[in-house]
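All of the numbers you see were taken from the coordinates with simple rules; none came from a lab. Only a predicted model underlies this, so the values are computations on that prediction, with no experimental measurement involved. For neighbour counting, all protein chains shown are included, and Cβ atoms are generated from backbone atoms with ideal geometry for every residue, glycine included.
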Amino acid sequence: MTVAARMNDLGTESAFEVLAKARALEARGKEIIHLEIGEPDFETPRHIVEAGMQAISDGFTHYGPTAGLPELREAIARNSREVRGVDTDPANVVVTPGAKPIMFYVLLALAEPGVEVIYPNPGFPIYESMIKFAGATPVPMQLLEDKGYHPDLDALPGLITDKTRLIIINSPENPCGSALTKQELETIASVVKQHPGLYVMADEIYKDILYTGEHYSISSIPGMQERTIILDGFSKSYAMTGWRLGYGIMPEDIVPNVTRLAVNNISCPATFTQIAGIAALDGPQDAVQAMAAEFAGRRRLITDGLRSIPGIRCPEPEGAFYAFPNISETGLTSRQFEDRVMQEAGVALLSGSGFGEFGEGYVRISYANSRETIQKALDRLDTFVRGLV
Ligand SMILES: Cc1ncc(COP(=O)(O)O)c(C=O)c1O
């Protein structure tokens, strides 16, 4: 079969591949600890589940508007005004099945051959994949271990050319767990404002899992709302990964383009999940806070545990639920570490190289798992690494 040449440019998300490999080993009787996939291990809060079930009974089982139900777009705009302090109109909101389609549509709408897109590296692999798929040139903005996985923003102006159309930022960040400070966001905004026609896609999907301070959105900086596409959703904040519900908040001239891509692709997001989404945003938020508090405890456990293993360095994550230790002193490449630790120690984690060229020498460990399981994984990692020498 001859497939279209553009398929050569499409990357993947290794988490799903490693999960499949781990499942295959499990089917052969091996016990694996899953620290590869990035999803909260909590159940969706009960009042959200009930709203979703009620919505099915109430007949929310048909097509809806492509950009989402007006009531949900309204709730998202209201919520965004509260958490970001930005005066958001529901007309600027597009709802999608998960937030990933926003990434897909925004890049298809803005990127093309001859255009450059700056993105964090190590970073969520779909950014680079989609930039290339759209025919544009990916320009990595390196996150540096010795800066706690923050970028060197003095270098940002040097990455921008007259071809740059978009800068992607992700805070808190997957896979590094770093979170951009208010001052860093202001620096990025001041650089962006010097370049008319340059947009920012701010991936804020982990905004509710932040260990110090309050979430601060680049869109709240004067002059930035009209330059920013916010990507957010329900997967991580409300443990709703399987519901597939996310959204983008974007300038009005981007909305019809993203909506047209959506009608060509999905027609509309599922209607009953959207009713559940309204319950999530408008209902009690204590489950969100409880999850974040539990992640904070696990962060301590994993960071201290990793740091006690010889040859492993690990900056403290500032948000999300990922640790990104440097394993280069073990003498293994990231991919060898991923493979061998699964085969020999029964721990599934992800090679840092799956997150871009600057991820080599690192691995990503998701600590969205019970403390008991995390401790067991740490013990296995310790034995594995000590056995290498
Ligand atoms: C950085 C980042 N952005 C976006 C997403 C997309 O999440 P979803 O499509 O489940 O809303 C993920 C999921 O892992 C992520 O890590």
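Taking the highest mean first, how do the peptides 294-303, 224-233 order by number of other beta carbon atoms within 10 angstrom per residue?
For the peptides 294-303, 224-233, the packing ranking is 224-233, 294-303.
Just subtract the alpha-carbon distance of H195 and E26 from 0.36 nm times their residue separation and send over the number in nm, one decimal.
55.6 nm
So which of K132/K376; K21/K376; K236/K376; K182/K376; K21/K132 end up more than 30 Å apart, counting from Cα to Cα?
The pairs that break the limit, which is 30 Å between Cα atoms, are K132/K376; K182/K376.
For region 347-389 and region 1-65, compute the distance between their C-alpha centroids and round to whole Å.
First find each Cα centre; the distance between them is then 21 Å.
Counting each DSSP H run of 4 or more residues in the chain as -39500 (n - 2.57), what helix-only mean residue ellipticity at 222 nm follows after dividing by all residues, to the nearest 500 deg cm²/dmol?
-12000 deg cm²/dmol
Need the full-extension length gain, D253 to H215, defined as separation in residues times 0.36 nm minus the C-alpha distance. One decimal, nm.
Result: 11.0 nm gained on full extension.
Of all DSSP beta bridges in the chain, what percent run antiparallel (nearest 5)?
Antiparallel bridges: around 45 percent, rounded to the nearest 5.
Let me know the charge dipole size of region 203-249 about its Cα centre in debye, to the nearest 20, where only the beta-carbon of Lys, Arg (+1) and Asp, Glu (-1) is charged.
Result for region 203-249 is approximately 140 debye, rounded to the nearest 20.
So how do 102-112, 320-330, 39-49 stack up, highest first, on mean other-Cβ count within 10 Å?
For the peptides 102-112, 320-330, 39-49, the packing ranking is 320-330, 102-112, 39-49.
For region 268-348, just run the numbers: alpha carbon Rg, then divide by 2.2 N^0.38 Å, N being how many residues it has.
That works out to 1.59 for region 268-348.
Using a simple charge model, +1 on the beta-carbon of Lys and Arg, -1 on the beta-carbon of Asp and Glu, nothing else, what dipole does region 255-339 show about its Cα centre, in debye to the nearest 20?
Once rounded to the nearest 20, the dipole reads 160 debye.
Quick one: dipole size for region 9-152, taken about the Cα centre, charges +1 on Lys/Arg Cβ and -1 on Asp/Glu Cβ, in debye to the nearest 20.
200 debye
Choose one of S57, L110, V93: the residue whose Cα lies farthest towards the positive end of the charge dipole of region 57-122 (beta-carbon charges +1 Lys, Arg; -1 Asp, Glu; about the Cα centre).
Of the listed residues, the answer is S57.
With unit charges on the beta carbons (Lys and Arg positive, Asp and Glu negative) and the dipole taken about the Cα centre of the chain, which residue among C314, S217, T383 sits farthest to the positive side?
Farthest towards the positive end: T383.
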